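The values are calculated or read from the model by the stated rules, or taken from the named source; none is laboratory data. Please read these numbers as outputs of a predicted model, since none were measured by experiment. Neighbour counts run over all protein chains shown; Cβ positions are idealised from the backbone, glycine included. Side chains are part of the model used for accessible areas, which takes the heavy atoms of the whole protein and leaves out ligands, DNA and RNA. Shrake-Rupley method; radii C 1.70, N 1.55, O 1.52, S 1.80 Å.
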Amino acid sequence: MWARGFLDPAHVRQHATAVSENGPTRAVQRGDTDPWPLPHDERDLGELPIAWTHGRKVPLSRALAESDSDALVVLHRGRVVYESYLHGYRAHQPHLNGSAAKSYFGLLVAMIEHQGLLRRDALTRSYIPELAGTGFGDATVEQLMHMTTHVRFADRPYDRVLEAHRYWAVVTPSLRPQGYTGPTTILDHLATARAAGPYGHKFRYENGNVETMAEILRRVTGVSTAELFGELIWSRIGAAQDGLYLLDSAGDEMACGGFAATAMDIARLGEMLRRGGAIGDRQIIPAEVVATIGRVPDGATRRVTAPRASADAPATMSYHDFWWLLDDAHGSYMASGIHGQRLFVAPGSDLVIVHFGAHILSPAVPPPPLVPMFAQIAAAVAGPVPETAR
């Protein structure tokens with residue numbers, strides 16, 4: 001089942017768009033405000049030449065069709081300049097965002113810290129006593145947020161892709177391999193982690209960091225991840241539809257990759273960030289919090305090797321609070337998820353791009369060069385970066 005999910009675009013798309021059929025979900029409430037009306041100023045970008053795979057140049061529309069893309073939304077200075085939906089995906093359908101959800105969740109952590117309810121130097125076990133003596137229990141909040149823990153599960157050799165599959169097995173019974181006898185709740189799964197090396201010195205992409213932080217926030221705030229996201233962000237950005245989180249059997253959200261929303265609502269989230277966390281005169285996220293997203297950190301997460309989910313990006317990017325930083329002249333940062341889920345924010349070119357996909361993962365198939373495509377779209381829409389900004 002796992003192999004099929006990675007090799008069959010139709011199966012990937014079914015899993016990504018029929019979210020409520022994968023298991024129980026909890027709504028991230030949009031609230032009772034009217035949707036944020038992003039104006040349209042559409043441009044004919046479908047014929048824009050894009051440097052593509054195998055050394056070719058193809059029109060943007062063909063690149064999207066060839067790459068099993070589901071949606072592309074481009075905003076420039078808050079106006080929708082391009083919007084496309086493909087392969088049977090429709091604009092109103094919530095779509096799993098994969099690991100891009102990590103970055104949205106990182107905003108919640110930073111906001112709670114900004115309120116003084118969280119300390120980065122605190123050990124996990126001080127918030128979750130049950131994890132004392134486990135790999136994540138001995139980590140600090142800072143190490144979780146920058147993925148500088150070093151754990152393995154149930155004495156298995158660490159394999160990032162297989163461990164990601166196991167999170168889906170924990171949460172979604174239909175994705176469990178035959179004979180599965182492992183944990184059936186995220187917290188039980190986290191408890192099987194053991195330290196496998198020193199912390200704080202090396203970046204290591206691991207979903208458990210996010211899930212541990214999600215449990216910490218539930219303990220600190222007393223509310224679910226979905227309720228917190230809805231209250232602090234989703235109900236305040238003028239989302240047109242509720243978001244959704246997949247739940248484990250204990251009713252806890254899969255924060256590392258189980259969030260679903262429409263492309264246009266993710267575009268609203270990105271545009272709010274591009275504006276420094278504000279919509280008009282309403283400050284949704286403290287400006288100080290938004291300003292920290294794009295700051296390239298010193299230490300273990302500066303210019304790290306990107307995982308497969310971001311293999312289309314530069315060979316190295318920086319990582320901060322669950323966001324990927326491209327270290328470019330635009331001040332660009334990105335939320336990135338498996339199979340082609342992206343939220344790309346480039347403040348320097350006033351650009352926001354949302355991409356949903358159902359790309360297969362196979363060594364025989366090169367990943368679509370999405371981030372270079374974003375850069376070409378930015379150049380066409382916003383023009384080249386001024387020499388003084390380089």
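Some observations on this one:
- Highest mobility in the GNM of the chain, judged by mean-square fluctuation with C-alpha springs under 10 Å and restricted to Leu117, Leu217, Leu107, is found for Leu117.
- Highest-fluctuation residue, Thr181, Thr134, Thr33 considered, GNM on the chain with Cα pairs under 10 Å: Thr181
- Net lengthening on full extension, Ala65/Asp8 (0.36 nm per residue, minus Cα-Cα): 19.0 nm
- Surface per residue (accessible, 1.4 Å probe) for region 232-371, Å²: 28
- Using the alpha-carbon positions of region 232-387, Rg (one decimal) and Dmax (whole number) come out as 16.0, 54 Å.
- Inter-site label distance for Ser20 and Asp41 at 7 Å from Cα along Cβ, in nm: 3.7
- All Cα-Cα separations within region 224-277 were binned at 10 Å from zero, giving a P(r) of 23, 53, 21, 3, each value a whole percent of the pairs.
- Longest site-free stretch - the chain; sites: chymotrypsin sites (Phe, Trp or Tyr not before Pro), DSSP loop, at most 15 other Cβ within 10 Å: 181-390
- The shape of region 175-225 comes out oblate: with a ≥ b ≥ c from the C-alpha gyration tensor, a/c is at least 1.5 while a/b does not beat b/c.
- For the chain, convex hull volume per residue from C-alpha positions, Å³: 134
- Here the chain has 52 percent of its accessible surface on carbon and sulfur atoms, given a 1.4 Å probe and all protein chains in place.
- Rough spin-label spacing in nm, given labels placed 7 Å along Cα→Cβ, for Arg219 and Arg120: 2.0
- Sites Asp188 and Arg303, calculated FRET efficiency, Cβ-Cβ separation with R0 41 Å, nearest 0.05: 0.70
- Per-residue ellipticity at 222 nm, computed for the chain from helices alone with -39500 (n - 2.57) per DSSP H run of at least four residues, works out to -8500 deg cm²/dmol.
- Two-site FRET efficiency, Gln29 against Ile279, from Cβ-Cβ distance with R₀ of 22 Å, rounded to 0.05: 0.80
- Region 55-120-region 339-368 distance, computed between alpha-carbon centres (Å): 8
- Accessible surface, region 45-198, averaged per residue in Å² (probe 1.4 Å): 41
- Extension reserve of the Val296-Ala91 stretch, reckoned as 0.36 nm per residue once the Cα distance is removed: 70.4 nm
- Gyration tensor verdict on region 1-107 (Cα atoms; rounded if a/c is under 1.5, prolate if a/b is larger than b/c, oblate otherwise): oblate
- When restricted to Cα atoms, region 25-177 yields an Rg and a Dmax of 21.3, 58 Å, respectively.
- Between Thr53, Gly294, Thr185, the Cα set farthest toward the positive side of the dipole of the chain (charges on each charged residue's Cβ, about the Cα centre) is that of Thr53.
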